Structure formats: structure tokens, C-alpha cells
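What follows is one structure encoded as C-alpha cells, with my remarks underneath.
The values are calculated or read from the model by the stated rules, or taken from the named source; none is laboratory data. Fair warning: this is a prediction, and the values are worked out from it, not measured in the lab. For neighbour counting, all protein chains shown are included, and Cβ atoms are generated from backbone atoms with ideal geometry for every residue, glycine included.
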Amino acid sequence: MPDPSVEDHRARILAGIVPTAATERIAVVDALGRVLAEDVAAALSVPPFDHAAMDGFAVRAADVATASDAAPVVLPVAAAVAAGDELVDLPDGAAIRIMTGAPVPPGADLVVPFEWTDAGDPVTIGRSAPPGRHIRRAGEDVAAGEVALGAGTRLGPGSLGLLTSVGASEVVVRARPRVAILSTGAELVDGHVPDSNSITLASAARGAGADPVVRGPVSDDPAAFRARLLAAAADSDLVVTTGGVSAGDHDVVKAVLRHEDDFWFGPVAMKPGRPQGCGHLEADGRRVPVVTLPGTPIAALASFLLYVVPAITALTGREWRRRSAELATDVTGTDRTVLLPARRDDTGRWQPLPGHAGHSQRLLAQADALLVVPPRGRVVPAGTHVEVLTLHPELHHEEVW
Ligand SMILES: Nc1nc2c(c(=O)[nH]1)N[C@H]1C(S)=C(S)[C@@H](COP(=O)(O)OP(=O)(O)OC[C@H]3O[C@@H](n4cnc5c(N)ncnc54)[C@H](O)[C@@H]3O)O[C@H]1N2
Ligand code: MOO
């Protein structure tokens, strides 16, 4: 039996994910990047009232219908209104000087821009237009009562502006999934090796829309690991461990979980990150998914982006979408999926960084993405589109990827 592929392992993990039902009500100013849990109906129309779209004169279109440079129409100016002013009626046979955003005077159905006039008082108007020109009608963008944004919408800066314009100051959004990060290894606990995976994975989790809780490092003692793991599962929606999944004498994650019914461990046909595992734990009657990643830092982050970012997306009830990018050069494929640190060049294609040594944290820190080179066992030519994993997961949802 060949080792399962990256796709197989991702499908296995995603099959065990049930979107979290939890929601919370938050202020619109805090809602950037969140996902609406409910439709938002407009309390206010956009625009809220009929207003001028140009600086000029509000008139009756019929009064200026014949205006031309050769035969201009001259009207007295009855008043001046600016944005924020109260309504002023338009007397018969007159014009009102009006600024962009000011309420259109009842009776007026056309705004003549200054450029078509001498801007004087009385005003000489040398050009006409049909009724309605340069007026934005109340509700022409969004009518009060209409659904302004639907459940499931991911909120960007424009959505926050729209919510504010329709009168919403708070919204109900899906709760961020709580993701526990549990690193393992005696060398981390005693400080011989800095625990870089915790900060890397917690920040990647936050960027992907989760609420990370760092629960490690924990030593290679099975009882200590089990206790920490259960505590992590009790207050999270997903647990991610790092380390302890290969074949060594102290590989505690695998030793503790391999005999559980609900766990799978094995090599996945990828490099780096071959030893992987996943399963579920029971906590307070909930089935909490657990993804066990290898400890080597580049393998841990690559695996996190391949498997955990899609799982976080699925937990928030959104569909995970693969991103693809074009190779700038030929890449040597193998019989396993290879993950290559890369940067985008001036042509928008992706170039693997030179000097890839398999496990360089330095290269990972310099790269913008990991290219997922498929296991074709031969050269993958320049111009081929391959999956790409951004190393800036805060941008994961952007269409540019
Ligand atoms: N006989 C075999 N040995 C190994 C195999 C194998 O198949 N057979 N697989 C190798 C591969 S590939 C990988 S990847 C590693 C994965 O090992 P573990 O997941 O068990 O990780 P550890 O042994 O705990 O640590 C590996 C390495 O990474 C450092 N590390 C671990 N956690 C962190 C952390 N939180 N922050 C920073 N660095 C960390 C750790 O000190 C080790 O140097 O197994 C190979 N061996
Ligand atoms: O798969 Mo491991 O990450 O090569 O060292």
C-alpha cells in the first residue's frame, strides 16, 4: 500500500470537522474578518435621503428644458443648502444653490452642476438634462428593510462601512474556533530548544480566523501529556499537537494515542512532514478533533497550512478553497508531494527560493508561500499551476491568493 497522499490526509481530517454553532454579538468596529451568523436587515436606507450628487443648482427640469449656450435660462436663486442642512422647498420658477450631499429641495428634480452655469445670482443656465440627473435617491443602493448583508458573509472594510450606513452598530458573528496548540518535548520544557512551534502555529491560527490558546510545551511523560491534552480538549474546538509522532523512544503523542479507536497515525507522502496523525477525543460529550503534526519547525508549519487552516475554515462553516499559482521555473518532482519555500517574481509567477535544504527555518522566514509540488515523479515544468500555501495566513482569504 502506498502512503496516503496529502489529499487523502486532508480529506480524512476535514471529514471529522463539524462547524461550531457558537455565535457572539460584537461591535461593528471589531468585526473585521469575522463571518456574519445572521442576515442583517437595513434599519436605514442608503442613501438615507434624496441628495445632490454634484455641487450646483437644484431646479425643476421643466424650467430649464430649453436651456442652451445660445439661449440660456436665467433663474433667481432662492436659497443655498449644504450637506447637513434642513429641507428647503423650491419656489416656482427659481433655483436653489446646492452642495453635494445636501437634501434635494421638495419640488426639484434636477441638479445642474456649476459647470453648466455662470454660478451667479440670478443664475444663467446654458445646458439642460432629463429629470433625475445628479440626484441620488433615498434607498437606491439599499432600501430600509432589505437584507443588506447575508449570513455567511466574511466582513471586509467595505462591509463594515455598509453595516454602519444601514444603522447597525453591532452584529452577530460566528465565534472564532478555539484552537489549542500543544507542543511536546523535554528539550522544550527544559529550555534547551526554544519552543518556536507554539508562536508560529498560534499566529498562523490567528491569521486563519481562530482564537489560539498555547497549551505547551509539555514533557514526553505520557501521564503529563495525556492530562494536558484532555485539559486542552475540554476548552477548545480543535487541538493541534507538535512533535512526538515519529519512531523515537520518546515519541509521546503517538505512544499515548496510537491505540485509541479514533486515531490514525502514519506516514503521508509529503516532504517535509512525513509523520502525521489525526483523530478525536471525547470532552464533555463533545467530539474534539485532534491533529498531530511533526515537531520539526518547517514540517510543523507546512502541515499546519496544509491541514489545519482548511480545518479552521471548515469549523467556521465556510468552504475551504485551494489556491493555485504558476511556477516560474521547472521544479523537480518526486514520488511524494514536496513543499518548497517560494516568492512571487515580477511576472506574478512563483520562484522557489534557492538553497532549499529541506529544513531551513531561515528560508521559511524569507518566503511568502510554500509551493505544493505534486507527486508526479518527474520534472514539473515552468508554467504549471500548483497549489500554493500562503505564509501570511492573515491573507488566506484574499482573492489575490
Ligand atoms: N526512525 C525514524 N525517525 C524519524 C522519522 C521516521 O520516519 N523514522 N521521521 C523523521 C521525520 S520526517 C520527522 S519530520 C521527524 C518528526 O519527529 P517528531 O514529530 O517525533 O518530532 P520530535 O522528535 O519531537 O522533534 C523533531 C525535531 O523538532 C524539534 N522540535 C520539536 N518541537 C519543537 C518546537 N515546538 N519548537 C521548536 N523545535 C521543535 C525537536 O527539538 C527535534 O529537533 O522525525 C524524524 N525521525
Ligand atoms: O518529514 Mo520530516 O519533516 O522531513 O523531517
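Considering the conditions (1) within 16 Å of ligand 2 (Cβ to nearest atom); (2) over 30 Å from residue 32 (Cα atoms); (3) polar (S, T, N, Q), residue 219 is excluded by exactly one of them, (1).
Restricting to segment 313-336, name every residue that is of a type in the set (S, T, N, Q) and assigned to a loop (DSSP other than H, G, I, E, B).
Answer for segment 313-336, where residues must be of a type in the set (S, T, N, Q) and assigned to a loop (DSSP other than H, G, I, E, B): 316, 329, 334.
Taking into account only those residues within segment 167-185 that are more than 9 Å from ligand 1 (Cβ to nearest atom) and outside any strand (DSSP E or B), which is farthest from the chain's Cα centre (by Cα)? Residue satisfying both the conditions and the ranking: 167. Among the residues of segment 327-335, is there at least one that is within 16 Å of ligand 2 (Cβ to nearest atom) and surrounded by fewer than 16 Cβ atoms within 10 Å (Cβ to Cβ)? So far as segment 327-335 goes, yes, one or more of its residues are within 16 Å of ligand 2 (Cβ to nearest atom) and surrounded by fewer than 16 Cβ atoms within 10 Å (Cβ to Cβ).
Looking for something of a type in the set (Gly, Ala, Ser), under 30 Å from residue 146 (Cβ atoms) and either assigned to a loop (DSSP other than H, G, I, E, B) or at pLDDT 95 or above (or both) - is there at least one such residue anywhere in segment 67-75?
Filtering segment 67-75 for residues of a type in the set (Gly, Ala, Ser) gives 67-68, 70-71.
Retained after the next criterion (residues that are under 30 Å from residue 146 (Cβ atoms)): none.
No, segment 67-75 has no match at all.
Before we move on, is residue 214 more than 10 Å from ligand 1 (Cβ to nearest atom), touching a residue at least 40 places away in the same chain (Cβ under 8 Å) and within 24 Å of the chain's Cα centre (by Cα)? For residue 214, the condition - more than 10 Å from ligand 1 (Cβ to nearest atom), touching a residue at least 40 places away in the same chain (Cβ under 8 Å) and within 24 Å of the chain's Cα centre (by Cα) - is not met. Among the residues of segment 255-277, those that are surrounded by fewer than 22 Cβ atoms within 10 Å (Cβ to Cβ) and touching a residue at least 60 places away in the same chain (Cβ under 8 Å) comprise 264, 266, 267, 269, 271, 272, 274. Looking across segment 282-319, the residues that are hydroxyl-bearing (Ser, Thr, Tyr) and either within 16 Å of ligand 1 (Cβ to nearest atom) or more than 18 Å from residue 14 (Cβ to Cβ) (or both) come down to 292, 296, 303, 307. Would you pick out the residues in segment 261-281 that are under 16 Å from residue 13 (Cα atoms) and among the charged types (D, E, K, R)? Within segment 261-281, 261, 262, 274 meet the criteria.
Scan 16, 101 and give me the residue that is within 42 Å of the chain's Cα centre (by Cα), surrounded by 14 or more Cβ atoms within 10 Å (Cβ to Cβ) and on the phi > 0 side of the Ramachandran plot.
Result: 101 is the single residue among 16, 101 that is within 42 Å of the chain's Cα centre (by Cα), surrounded by 14 or more Cβ atoms within 10 Å (Cβ to Cβ) and on the phi > 0 side of the Ramachandran plot.
Note on segment 76-98: residues that are surrounded by 14 or more Cβ atoms within 10 Å (Cβ to Cβ) and under 47 Å from the mean Cα position of the chain (by Cα) amount to 8. For segment 284-294, a residue qualifies if it is within 16 Å of ligand 2 (Cβ to nearest atom) and assigned to a strand (DSSP E or B), and the qualifying residues are 291, 292, 293. Filtered by the rule that a residue be away from ligand 2 (no atom under 16 Å from the Cβ) and either crowded, with 22+ Cβ neighbours inside 10 Å or modelled with pLDDT of 95 or more (or both), segment 241-254 gives a lone residue, 252. Of the strands (runs of 3 or more DSSP E) that lie entirely inside segment 194-283, those containing 2 or more residues that are in contact with a strand residue (DSSP E or B) (Cβ under 6 Å, 6 or more places away or on another chain) and within 30 Å of residue 2 (Cα to Cα) span 238-242, 263-267, 275-283.
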